[in-house]
Amino acid sequence: MKLEFTKMHGNGNDFIVLKNMDGLLTAEDLSRTARLLCRRKLSLGADGILAAEKSDRADFAMRIFNSDGSEAEMCGNGARVLARYAFDKNIAGKSMSFTTKAGLIKAVVEPPYAELDMGSFDVTDAALRKFKNFNYIFITVGVPHCIVFVDDYDAMSIPDKVDIGRELSRDYERFPQGTNVSFAEIVSGKGCEYDEIKAVTYERGVEDLTESCGTGSVAAAIACALLSGETRATISKRVINPGGINEVRLCFEPARSSCHAWLKGKTAIVAQGEISEEALL
């Protein structure tokens, strides 16, 4: 079967995007394709596969499969990338809505930027907890995120971030479904003009640090706002990931038990083409 692809990324979080509006590719097909095509050096290489499918409730439905073949509920950068793809391929207009396994997402695309209305998240149980010498806050933002606060983001080595990320991600006693793990430092007030956070995420399913994580950026922004005890109803933060900057807007309801979030950042089309049969063997 002829399989056309578009390689894209959102701030370095890269994906192979497939149009599956006819539904010919099953979940099993997409899982297998992700395992084969996401291999670095041996294939196209990517953090995951995105598929645009038909939806009865929105312009289209989003499916995302991690590089290990597991299906994720949601991915912020992936959703931004797929929104840009849908706009470019005339699947949807500039303003659109699409379904994910985590719920309905609305987006506005102004290439190269795509902004998502992520909806509201319950932060009632987002309490400060302890793991070894670190404090963390756990929040579900479509997918589970453990935000680990670090005093000096740059001083903490990549191997240490990977080791701790892997350990926490698989700590099923704390996190029964597993979790993504983000390392975050609030850098506002340290010579920065804006409310800024440095963050990087160890993503379950990818099993490594990624260049950028959209849901991780939103979770980090919410967690840092709660940690700082910010009382403003509306908060804007720039989350600096290794691959680029995600802009996050937050709106807390008066009791601060829930938070509405918007996520904006750049997307890029890298290549388009046809996948050879050899790549799928």
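The values are calculated or read from the model by the stated rules, or taken from the named source; none is laboratory data. Computed from a predicted model, the values in this text were never measured in an experiment. FYI the Cβ positions are ideal-geometry reconstructions off the backbone, even for glycines, and counts take in every protein chain you see.
Looking at the range 61-98 only, could you name the residues that are over 29 Å from residue 178 (Cα atoms) and not in a strand (DSSP E or B)?
Those that are over 29 Å from residue 178 (Cα atoms) and not in a strand (DSSP E or B): 84, 85, 86, 87, 88, 89, 90, 91, 92, 93, 94.
Name the residue that is surrounded by the most Cβ atoms within 10 Å (Cβ to Cβ), counting only residues in the range 228-251 that are touching a residue at least 40 places away in the same chain (Cβ under 8 Å) and of a type in the set (A, V, I, L, M, F, W, C).
239
Only residues in the range 1-15 that are at positive phi and in the same structural domain as residue 50 (by TED's automatic domain parsing) count as the first member; pair them with residues that are part of a strand (DSSP E or B) and hydroxyl-bearing (Ser, Thr, Tyr), Cβ under 9 angstrom, at least 6 apart or cross-chain, and list the lot.
12/210
Given the criteria crowded, with 21+ Cβ neighbours inside 10 Å and touching a strand residue (DSSP E or B) at 6+ places or on another chain (Cβ under 9 Å), does residue 55 qualify?
no
Restricting the first residue to the range 193-220 and requiring it to be free of Cβ contacts under 8 Å to residues at least 60 places away in the same chain and closer than 21 Å to residue 154 by Cβ, which pairs with a second residue that is part of a loop (DSSP other than H, G, I, E, B) and of a type outside the set (A, V, I, L, M, F, W, C) meet a Cβ separation below 7 Å and a spacing of at least six or different chains?
Listed pairs, sorted by first residue: 195/188; 196/188; 198/153; 200/242.
Out of 98, 134, report the one residue that is hydrophobic (A, V, I, L, M, F, W, C) and not assigned by TED's automatic domain parsing to the domain that holds residue 30.
That would be 134, the only listed residue that is hydrophobic (A, V, I, L, M, F, W, C) and not assigned by TED's automatic domain parsing to the domain that holds residue 30.
Looking at the range 3-60, which of its residues are in a strand (DSSP E or B), of a type in the set (S, T, N, Q) and over 18 Å from residue 73 (Cβ atoms)? Walk me through it before giving the result.
Taking the range 3-60 as the starting set, the residues that turn out to be in a strand (DSSP E or B) are 3-10, 13-19, 48-53, 60.
From what's left, of a type in the set (S, T, N, Q): 6, 13.
Hit for the range 3-60 is 6, nothing else.
Considering only the range 239-266, how many residues are within 22 Å of the chain's Cα centre (by Cα) and over 16 Å from residue 117 (Cα atoms)?
7
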